[in-house]
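The values are calculated or read from the model by the stated rules, or taken from the named source; none is laboratory data. Predicted model, so just to flag it, every value in this text is computed and none were measured. FYI the Cβ positions are ideal-geometry reconstructions off the backbone, even for glycines, and counts take in every protein chain you see. Surface areas here come from the heavy atoms of the whole protein model, side chains and all, with no ligands, DNA or RNA. Shrake-Rupley method; radii C 1.70, N 1.55, O 1.52, S 1.80 Å.
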Amino acid sequence: MRRGGAFEEVACAFLSMPPAPAEALSALRGDPVCVVPLFMSDGYFVRAVERALAAEEGRESRRLRQARPIGLVPELTEVIERRALAACAEGGLEPGRCGLLVVAHGYTGSPASREATRFHTGPLAAAGRFRWVDAAAAWHDLT
C-alpha cells in the first residue's frame with residue numbers, strides 16, 4: 001500500500017499483538033483514516049476490528065472508515081487465477097486439464113468464510129480456464 005502511493009500514510013495494527021489499533025491510529029496524522037481489514041471474510045475478527053474502531057472513534061476527532069475485508073474485493077479473484085495459472089505453467093500443466101481447489105478456513109458458527117470462498121470460486125468456474133473449480137475448508141470452533 002505504501003508503494004502504491006494512494007495514501008499519504010500507512011500503518012499496521014493487530015488484534016492479538018502490538019501495535020493495537022489505538023496505537024497505530026495515534027501514529028497517523030490524516031483525516032479521514034481508512035482501515036483495511038486483512039481478513040478473508042466479514043466474520044468474527046472483522047467485527048472485532050469494528051468494535052475496536054467504534055471505541056476509538058469516541059476518543060478520536062478524526063473520521064474513521066472501514067473498507068471491506070481484503071478477501072471480499074473482486075480483484076482477489078484475479079490474483080487467485082493468476083497464481084493458479086502460473087503454478088500450472090511452472091509445472092508444465094495445461095490449465096484446462098487441471099482442477100482448481102481453493103482452500104479456506106473459518107469459524108463453524110459463521111457462514112462468512114464459506115461465502116467469501118464461493119465469492120471467488122463462482123467467477124473462476126464461470127471463466128472456464130480450469131477443468132473444474134471447487135472449494136474446501138477447515139472450520140474451527142472458537143468456544
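List the number of the failed condition for Leu124; all other conditions in (1) free of Cβ contacts under 8 Å to residues at least 40 places away in the same chain; (2) more than 30 Å from Leu28 (Cα to Cα); (3) outside any loop (DSSP other than H, G, I, E, B) hold.
Failing condition for Leu124: (1).
Which condition does Arg131 not pass, out of (1) touching a Gly at 6+ places or on another chain (Cβ under 8 Å); (2) surrounded by 13 or more Cβ atoms within 10 Å (Cβ to Cβ), if it passes all the others?
Among (1) touching a Gly at 6+ places or on another chain (Cβ under 8 Å); (2) surrounded by 13 or more Cβ atoms within 10 Å (Cβ to Cβ), Arg131 violates only (2).
Is it the case that Ala55 is part of a helix (DSSP H, G or I) and surrounded by 13 or more Cβ atoms within 10 Å (Cβ to Cβ)?
Values: part of a helix (DSSP H, G or I): yes; surrounded by 13 or more Cβ atoms within 10 Å (Cβ to Cβ): no.
The answer is no for Ala55.
Identify all residues within region 105-121 that are open to solvent by less than 50 Å² (accessible area, probe 1.4 Å) and in a helix (DSSP H, G or I); write none if there are none. Steps first, answer last, please.
In the first step, residues of region 105-121 are kept if they are open to solvent by less than 50 Å² (accessible area, probe 1.4 Å); the result is 106, 110, 112-113, 116-117, 120-121.
Of everything in region 105-121, those that are open to solvent by less than 50 Å² (accessible area, probe 1.4 Å) and in a helix (DSSP H, G or I) turn out to be Ala112, Ser113, Ala116, Thr117, His120, Thr121.
Within region 85-104, is there a residue that is in a strand (DSSP E or B), within 14 Å of Phe39 (Cα to Cα), under 17 Å from the mean Cα position of the chain (by Cα) and not small (Gly, Ala, Ser)?
no
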